[in-house]
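Notes to accompany the following structure.
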Amino acid sequence: MEELAREKEFPIVGRQVGSFLYQLAITINAKSVLELGSGFGYSAYWFAKAVGEDGQVVFTDLSSENIDLARQFFKRGGFQDRIQIHLEDGALILDEISGEFDIIFNDIEKEDYPQIIDRAYNKLRSGGLFITDNVLWHGRVLSQDNSPPTEGVRGFTELLMSHKGFYTTIIPIRDGLSISVKL
Ligand SMILES: C[S@@+](CC[C@H](N)C(=O)[O-])C[C@H]1O[C@@H](n2cnc3c(N)ncnc32)[C@H](O)[C@@H]1O
């Protein structure tokens, strides 16, 4: 998967973040994970490993090409039974899906980040983690850049840090991960 990401210049979270996501998931004994923006399944693969045979990862992406690739990788890894694949908008699925999750991982288009916060809050269990990638956005959040993705990440971070229902820390590994625990 890492080789394919390099060839296609596809932005996966990479091994350092993947391994950290795995650690977070096993630390809270996560059994249900909802991913928003799964690409061809690299981050989902780490979560699938963490939740174990009795766990479930809900995978969402808007590209059927990514989903076809993901299916092949999950089959090769023997994880197909613990991953539920949806060709669907991550924000919409938060409104529709039933149940509560131990972890919600957000990696969709950056301009859509702000609209995810309250929706994710409503679908997490207490003590569950809302994790978002790219909150440093390659440093652009501190630049003069006012493009919609940069504004999206900035607005998201402001809302998240002041959210009364989450306790949040930003971990500056790779492109920055926010880790918010639902209070
Ligand atoms: C950065 S990539 C995801 C990488 C993946 N999390 C990983 O590390 O392996 C972002 C993905 O989000 C998908 N995407 C963008 N907006 C989305 C949305 N609103 N709902 C679901 N998927 C979305 C894109 O198709 C793309 O594959």
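The values are calculated or read from the model by the stated rules, or taken from the named source; none is laboratory data. Computed from a predicted model, the values in this text were never measured in an experiment. Note that we place each Cβ from the backbone using ideal geometry, even for glycine, and neighbour counts take in every protein chain shown.
Evaluation of V13 against the conditions (1) touching a residue at least 24 places away in the same chain (Cβ under 8 Å); (2) surrounded by fewer than 15 Cβ atoms within 10 Å (Cβ to Cβ) shows that the sole unmet condition is (2). Picking from residues in the stretch 15-37 that are among the charged types (D, E, K, R) and within 12 Å of the ligand (Cβ to nearest atom), the one that is farthest from K123 (Cα to Cα) is R15. Restricted to the stretch 99-127, and to residues there that are more than 20 Å from P11 (Cα to Cα) and of a type in the set (K, R), the residue that is farthest from the ligand (Cβ to nearest atom) is R125.
When P11 is tested against (1) near the ligand (Cβ under 7 Å from one of its atoms); (2) not in a loop (DSSP other than H, G, I, E, B), just one condition goes unmet, and that condition is (2).
Can you find a residue that is of a type in the set (G, A, S), within 12 Å of the ligand (Cβ to nearest atom), surrounded by 15 or more Cβ atoms within 10 Å (Cβ to Cβ) and part of a helix (DSSP H, G or I) anywhere in the stretch 58-67? Looking through the stretch 58-67, none of the residues is of a type in the set (G, A, S), within 12 Å of the ligand (Cβ to nearest atom), surrounded by 15 or more Cβ atoms within 10 Å (Cβ to Cβ) and part of a helix (DSSP H, G or I). Got at least one residue in the stretch 136-152 being within 20 Å of L21 (Cβ to Cβ), within 14 Å of the chain's Cα centre (by Cα) and at pLDDT 95 or above? Among the residues of the stretch 136-152, not one is within 20 Å of L21 (Cβ to Cβ), within 14 Å of the chain's Cα centre (by Cα) and at pLDDT 95 or above, which makes the answer no. When restricted to residues that are farther than 20 Å from G165 by Cβ and either among the polar types (S, T, N, Q) or not in a helix (DSSP H, G or I) (or both), the stretch 99-148 contains 11.
Take the conditions out of contact with any Ser or Thr (no Cβ under 6 Å at 6 or more places or on another chain), within 12 Å of the ligand (Cβ to nearest atom) and modelled with pLDDT of 95 or more and apply them to F40. Does it pass?
yes
Of all residues assigned to the stretch 88-98, none qualifies as being touching a residue at least 40 places away in the same chain (Cβ under 8 Å), away from the ligand (no atom under 14 Å from the Cβ) and surrounded by 15 or more Cβ atoms within 10 Å (Cβ to Cβ).
Among residues of the stretch 153-181 being within 19 Å of S126 (Cα to Cα), among the hydroxyl-bearing types (S, T, Y) and within 16 Å of the chain's Cα centre (by Cα), the one that is surrounded by the most Cβ atoms within 10 Å (Cβ to Cβ) is S180.
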